[in-house]
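> Mind having a look at this structure? Questions to follow.
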Amino acid sequence: MNEIKIKQVLSEGVKDFVVESPVIAKKRKAGQFVIVRINEDGERIPLTIVDSDPKGGTIRLIFQEVGKTTCAMGELEEGDSILDVVGPLGKATHVEKIGTVVCVGGGIGVAPVYPIAKAMKEAGNKIISVIGARNKDLLILEQEMADISDQILVTTDDGSYGRHGFVTDAIQQLIDDGVKIDLVLAIGPVVMMRAVSNLTKKYNVPTQVSLNSIMVDGTGMCGGCRVSIGDKTKFVCVDGPEFDGHLVNYEELMLRQKAYLPQERKSHKNHKCRMEGME
Amino acid sequence: MTESPTTGKPGPNKKAGKRNKPKKPKVPRQAMPEQAPEIRRNNFKEVPFGYPIDTAVIEANRCIQCKKPKCVDGCPVGIDIPGFIKAIAERDFEKSIRIMKEANALPAICGRVCPQEEQCEIVCVTGIKGEPVAIGRLERFIADWERDSGNVSIPDIPDPTGRRVAVVGAGPAGLTVAGELALKGHKVKIFEALHKPGGVLIYGIPEFRLPKSIVMAEVDYVKKLGVEIEYNAIIGKYYTVEELLTEEGYHSVFIGTGAGLPYFMNIPGENLNGVYSANEYLTRSNLMRAYDFPNADTPIAMSKKVAVIGGGNVAMDAARTALRLGAEDVYLVYRRAREQMPARDEEIHHADEEGIQFNLLTNPISINGDEEGWVKSMTCLRMELGEPDASGRQRPVPVEGSEFDLEVDTVIVSIGNGANPLLPEATPALDTNKWGNIIADDKTGLTSMKGVYAGGDIVIGAATVILAMGAGKEAAEAMHEYIMSIDV
Ligand SMILES: Cc1cc2nc3c(=O)[nH]c(=O)nc-3n(C[C@H](O)[C@H](O)[C@H](O)COP(=O)(O)OP(=O)(O)OC[C@H]3O[C@@H](n4cnc5c(N)ncnc54)[C@H](O)[C@@H]3O)c2cc1C
Ligand SMILES: Cc1cc2nc3c(=O)[nH]c(=O)nc-3n(C[C@H](O)[C@H](O)[C@H](O)COP(=O)(O)OP(=O)(O)OC[C@H]3O[C@@H](n4cnc5c(N)ncnc54)[C@H](O)[C@@H]3O)c2cc1C
Ligand code: SF4
Ligand code: SF4
Ligand code: FES
């Protein structure tokens, strides 16, 4: 069960796994995720299902090594198994033909945006992808995104590749060029999703973001993943992970993501892989 | 550690015979030895040790073997209480456990967590003048005796009937249904959302009240009856109920998904860091073993001052867990009076002994944070008791101008759980009531879907282990009849 069939390294600290999981491979839809636990002492962590092969019975997971669990998982090899894989969790993306969809991925966020962009493309939408990273080496999935996009814009913070700047600069450019955008889908670090939402709000462009709060069960049982959406509290694992970007309380989400920072450092101390914060 | 003189001679029912002999003192209810409060508040080991054999026999002899035993009516699964107690008195423990298991497959669990004082013991006749027979402790004794003896007997299983049953949820309701139907020769598979079986018994009720090894032993028993369990299988997502009945080829489905949706208070500050639902707090500590961090990877708040909001068993468990995780002060904040707390007396008593500080007639109105988004205090109002409300309890009303701040770094909200909507939402044909509970027949557990039965907390709302098991037994009967009536 849950055997790692293929392992690839996409960039420094970013691993790409194809994992055997026949039922989930058949059931999953764009926007959904799984929760994995790698061993008996392991934590349960959520990862987006990037792709699946229903016939071959596999799902694809791409993750960045940011702490104990993701680093330990990165050390698994082909032929090893992941102890628990639960899913498919979360509400699937609402996919329909609406016109032009701008799919924005920042850093590791390109991985979860890919399946949604792909589904939106298959539904007949025009896809403009905007993907960004801190530098050229950290950029992932460029070719795959290009394959399913009508147009692709790449940005790097340091200008080492593509356009010098942030993904928001590229979106601003599209708006300035008069492109009619029907929906923006943005996934990445919380600061990025906040910046994108602030920008699109000015122009009244509907915007969906996918939130990555800390989770335990992923079934609505613990409430640990809760966030404020407008004046309501929502559970990301069952009500999301996608929400209206203009209603999310990003400040609260950022604080909640740091809830276990001291413990995470402690738990991670002996681990040799480099710590690279999500933000 | 027993308080009683161990005279070994029973006899409140036997007349103190000889005229010139002084009347023999009545044998008091036997106390159960337990860890001292100062010690146990620092460990997760079980609090009571259980009766030694001789003590159990003395206690068993206190039962006067009523012709019309009231106690049996008080037990939701109708255990032959005088029967199993008599066998203990006669030291025929094998017979005792056999009688017990005819009605209750999980006695080691019920003997520990059943609210006996409100069910079988409250109606026990010896309780009228003195103290009732300690039925729950004897139940626990006989179950532990069997487990310790190492030869838990597996009943003969009839030939396979060719019928297949899917059970959703490995809590007490689901485990009971699975065990009963396996005993009738049906092929049963349980689908459980989490990576471990037991439901609340594993993720909710802490080790010091119900050791995990006991839950696992009871689950092993069910597995030995031939029941299969698939973990990490969330029905509604992984398979739908319809798929279980069609593609997956099950003849009937039982839904025992429990009441796992935590309620919050909807007061300001509830999403601050350091605010937990009791479910999350207990799940992190129990299921994910956060008490063993960093050996286990899942973290939990390192709290100094903790407020637990609520007055039920769940609140007691959360408060006592916080203490064991190292908190210096743990406050139980409850808006009614002590007599109105829904928790079992024994739990309140244990919590009190361990040093939980009760803030009764106190209602939180906001949680306040620091710049980093962490809880630093909770603002509360004092309450007083007013007119009785719909539940017959006096309604607490705020005392004007009584606001005060309780300095805390962690708040655990434990004001109740509702029905988790995940499965019903994915199963439109299943009727639910306005609280989201599945509507099922009182007697049979049959839902609005043909061949689909339900029971336990998902039907009646957050209740008790024994009621969940009772519902499981009745549903199993009805399901057996149903599947035997269809051609396969
Ligand atoms: C719906 C969803 C989908 C996600 N998809 C992906 C993905 O496709 N690829 C990817 O690389 N990452 C994804 N993440 C984030 C991923 O779950 C975290 O990076 C991972 O949990 C970090 O665990 P760690 O032990 O390695 O690091 P830690 O050192 O424990 O934590 C690093 C940071 O990760 C976050 N985190 C920690 N524990 C959890 C937890 N149990 N649940 C969620 N977040 C946590 C916290 O913000 C923390 O500060 C997703 C998160 C969510 C909620
Ligand atoms: C902290 C706490 C303390 C308690 N103390 C006591 C006590 O002292 N005495 C007492 O009698 N009662 C007590 N209770 C109540 C008692 O535990 C419950 O009434 C009882 O467990 C209900 O049993 P159940 O089988 O209906 O549900 P649960 O025990 O809740 O089990 C449901 C199971 O179904 C699984 N599940 C849920 N959804 C799905 C799905 N879609 N697919 C697959 N699986 C799913 C869950 O993961 C879980 O394992 C306590 C409850 C709590 C929370
Ligand atoms: S199961 Fe509960 S109610 Fe029944 S006899 Fe045992 S302790 Fe009493
Ligand atoms: S009511 Fe009490 S004394 Fe009578 S049979 Fe039951 S346990 Fe024994
Ligand atoms: S992760 Fe527990 S409710 Fe969402």
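> Leaving ligands and nucleic acids out of the surface, order A:I175, A:I127 by accessible area at 1.4 Å, largest first.
On the way: A:I175 30, A:I127 0 Å².
Largest accessible area first, the list is A:I175, A:I127.
> May I pose another question? Ordering A:H246, A:H94 by how much accessible area each has at a 1.4 Å probe, largest first, what is the list? Mind showing how you got there, number by number?
On the way: A:H246 45, A:H94 130 Å².
So the residues, ranked largest to smallest area, are A:H94, A:H246.
> Which value in nm describes the separation of the simple spin-label points at A:R163 and B:Q357, placed 7 Å from the Cα toward the beta carbon?
Distance between the two pseudo-spin positions: 5.8 nm.
> Once ligands and nucleic acids are excluded and a 1.4 Å probe is used, how much of B:I202 is accessible, expressed in Å² to the nearest 10?
For B:I202, the solvent-accessible surface is approximately 10 Å².
> Between the DSSP loop rule and a limit of at most 15 other Cβ atoms within 10 Å, which GluC sites (Glu not before Pro) in segment A:57-160 are left?
Values: sites: A:E65, A:E75, A:E77, A:E78, A:E96, A:E122, A:E142, A:E144; in loops: A:E65, A:E75, A:E77, A:E78, A:E96.
Taking segment A:57-160 and a limit of 15 other Cβ atoms within 10 Å, the loop GluC sites (Glu not before Pro) found are A:E75, A:E77, A:E78, A:E96.
> Sticking with this one: Summarise the accessible area of chain A (1.4 Å probe, protein heavy atoms) by the percent that is carbon and sulfur. Don't skip to the answer; put the middle values down first.
On the way: 5630 of 11310 Å².
Exposed carbon and sulfur together represent 50 percent of the surface.
> Here is a follow-up. Taking a cut-off of 18 Å, what percent of all Cα-Cα pairs in segment A:4-89 are separated by more than that?
On the way: 1299 of 3655 pairs.
The proportion of pairs with Cα distances above 18 Å equals 36 percent.
> Give the residue list of GluC sites (Glu not before Pro) in segment A:1-35 that are DSSP loop and have at most 16 other beta-carbon atoms within 10 angstrom.
Working: sites: A:E3, A:E12, A:E20; in loops: A:E12.
Those that pass, being in a loop and sparsely packed, are A:E12.
> What is the gain in length, in nm to one decimal, between B:E400 and B:N42 on full extension, counting 0.36 nm per residue of separation less the C-alpha to C-alpha distance? The partial results should precede the final answer.
Numbers: separation 358, 0.36 × 358 = 128.88 nm, distance 3.92 nm.
Length difference between fully extended and current span is 125.0 nm.
> Here's a follow-up. Using a 1.4 Å probe, how large is the accessible area of B:M302, given in Å² and rounded to the nearest 10?
The value for B:M302 is about 130 Å².
> Order the following by accessible area, largest value first: B:W435, B:W145. Probe radius 1.4 Å; ligands, DNA and RNA are ignored.
Details: B:W435 165, B:W145 65 Å².
Greatest to least solvent exposure: B:W435, B:W145.
> Specify the inter-centroid distance of segment B:379-412 and segment B:107-145, based on alpha-carbon positions, in whole Å.
34 Å
> Find the accessible area per residue for segment B:209-281; the probe is 1.4 Å, ligands and nucleic acids are left out, and the unit is Å². Write down the numbers at each step before the final one.
On the way: 2350 Å² over 73 residues.
Accessible surface, normalised per residue, equals 32 Å².
> Further question on the same structure: A:K7 versus A:Q173, label points 7 Å from Cα toward the beta carbon: distance in nm?
A separation of 3.8 nm, rounded to one decimal place.
> For an R0 of 56 angstrom, estimate the FRET efficiency from the Cβ-Cβ distance between A:N198 and B:K450 and round to the nearest 0.05. Walk me through the numbers on the way to the answer.
Values: r = 53 Å, r/R0 = 0.94.
FRET efficiency, A:N198 to B:K450: 0.60.
> Which value, in Å² rounded to 10, gives the accessible area of B:V488 with a 1.4 Å probe and all protein chains present?
We get 100 Å² for B:V488.
> Can you tell me the FRET efficiency between B:A31 and B:I128 if r is taken as the Cβ-Cβ distance and R0 is 22 Å, rounded to the nearest 0.05? Walk me through the numbers on the way to the answer.
On the way: r = 21 Å, r/R0 = 0.94.
Computed FRET efficiency for B:A31 and B:I128 comes out at 0.60.
> Still on this structure, I have one more. Under the definition of partner shielding as Cβ atoms of other protein chains within 10 Å of a residue Cβ, what is the mean value for peptide B:260-268? Numbers along the way, then the final one.
Details: counts 5, 7, 7, 1, 3, 0, 2, 0, 0.
Shielding by partners across B:260-268 averages 3.
> Can you list the GluC sites (Glu not before Pro) in segment B:253-350 that are in a DSSP coil and have 11 or fewer other beta carbons within 10 angstrom?
Those that pass, being in a loop and sparsely packed, are B:E328.
> Here is a follow-up. What's the extension gain from B:E339 to B:D487 if we count 0.36 nm per residue and subtract their Cα-Cα distance? Before the final figure, lay out each step's value.
On the way: separation 148, 0.36 × 148 = 53.28 nm, distance 5.51 nm.
Fully extending the segment from B:E339 to B:D487 adds 47.8 nm.
> Under a crude label model (7 Å from the Cα following the beta-carbon direction), how far is B:N295 from A:D80 in nanometres?
About 2.2 nm separates the two model spin labels.
> According to the Kirkwood expression over distinct Cα-Cα pairs, how big is the hydrodynamic radius of chain B, in Å? Mind dumping the intermediate values first?
Values: mean 1/r = 0.0414 Å⁻¹.
Taking the inverse mean of 1/r over all distinct Cα pairs, chain B comes out at 24.1 Å.
> Give the interface area between chains B and A as buried accessible surface, both sides summed, probe 1.4 Å, in Å² to the nearest 100.
3700 Å²
> Now a separate question. Mind jotting down the distance between the C-alpha centroids of segment A:126-189 and segment B:443-466, whole Å?
51 Å
> Residues of B:271-277, mean number of Cβ from any other protein chain within 10 Å of their own Cβ, rounded to a whole number? The partial results should precede the final answer.
On the way: counts 10, 4, 8, 1, 4, 3, 5.
Across the residues of B:271-277, the mean count of other-chain Cβ atoms within 10 Å is 5.
> Summarise the partner chain shielding of A:39-45 as one whole number: the mean count of Cβ atoms from other chains within 10 Å of each residue's Cβ.
Working: counts 1, 3, 9, 5, 8, 7, 2.
Going residue by residue through A:39-45 and averaging, the value is 5.
> Further question: What accessible area per residue, rounded to a whole number of Å², is obtained for segment A:100-257 using a probe radius of 1.4 Å? Each step should come with its number before you reach the end.
Details: 5760 Å² over 158 residues.
Accessible area per residue: 36 Å².
> A further question follows. Which is the longest part of chain A that has none of the trypsin sites (Lys or Arg not before Pro) sitting in a DSSP loop with at most 12 other Cβ atoms within 10 Å? Before the final figure, lay out the partial values.
Numbers: sites that count: A:K55, A:K97, A:K180, A:K269, A:K272, A:R274.
Of all site-free stretches, the longest is A:181-268.
> Can you give me the relative contact order of chain B as a percent, contacts being Cα pairs under 8 Å and 6 or more apart?
Numbers: 998 pairs, mean separation 69.5, N = 488.
Relative contact order for chain B comes out at 14 percent.
> Which residues make up the longest stretch of chain B that has no trypsin sites (Lys or Arg not before Pro) in a DSSP loop with at most 15 other Cβ atoms within 10 Å?
On the way: sites that count: B:K14, B:K15, B:K18, B:R19, B:K23, B:K26, B:K45, B:K67, B:R91, B:K304, B:R393, B:K434, B:K443, B:K450.
With trypsin sites (Lys or Arg not before Pro) excluded where exposed in loops, chain B gives B:92-303 as its longest stretch.
> Sticking with this one: Report the FRET efficiency, 1/(1 + (r/R0)^6), for B:V152 and B:E228, where r is their Cβ-Cβ distance and R0 is 22 Å, rounded to 0.05. Don't jump to the answer; show the numbers that get you there.
Values: r = 19 Å, r/R0 = 0.88.
With R0 = 22 Å, the Cβ-Cβ based efficiency is 0.70.
> While we're here: Can you give the helix-only mean residue ellipticity at 222 nm for chain B, where every DSSP H stretch with n ≥ 4 adds -39500 (n - 2.57) and the sum goes over all residues, rounded to the nearest 500 deg cm²/dmol?
Details: 18 runs with 157 residues, N = 488.
For chain B, the value works out to -9000 deg cm²/dmol.
> Shape of the protein assembly as shown from its Cα gyration tensor (a ≥ b ≥ c, root eigenvalues): rounded if a/c is under 1.5, otherwise prolate when a/b > b/c, or oblate? Don't jump to the answer; show the numbers that get you there.
Working: a/c = 2.29, a/b = 1.71, b/c = 1.34.
Prolate shape, in that a/c is at least 1.5 and a/b is the bigger ratio.
The values are calculated or read from the model by the stated rules, or taken from the named source; none is laboratory data. Just so it is clear, the structure is predicted and the values come from calculations on it, not from any experiment. Please note: Cβ atoms are built from the backbone with ideal geometry, for glycine as well, and neighbour counts cover all protein chains shown. We work out accessible area using only protein heavy atoms, side chains counted, and drop any ligands, DNA or RNA first. Shrake-Rupley method; radii C 1.70, N 1.55, O 1.52, S 1.80 Å.
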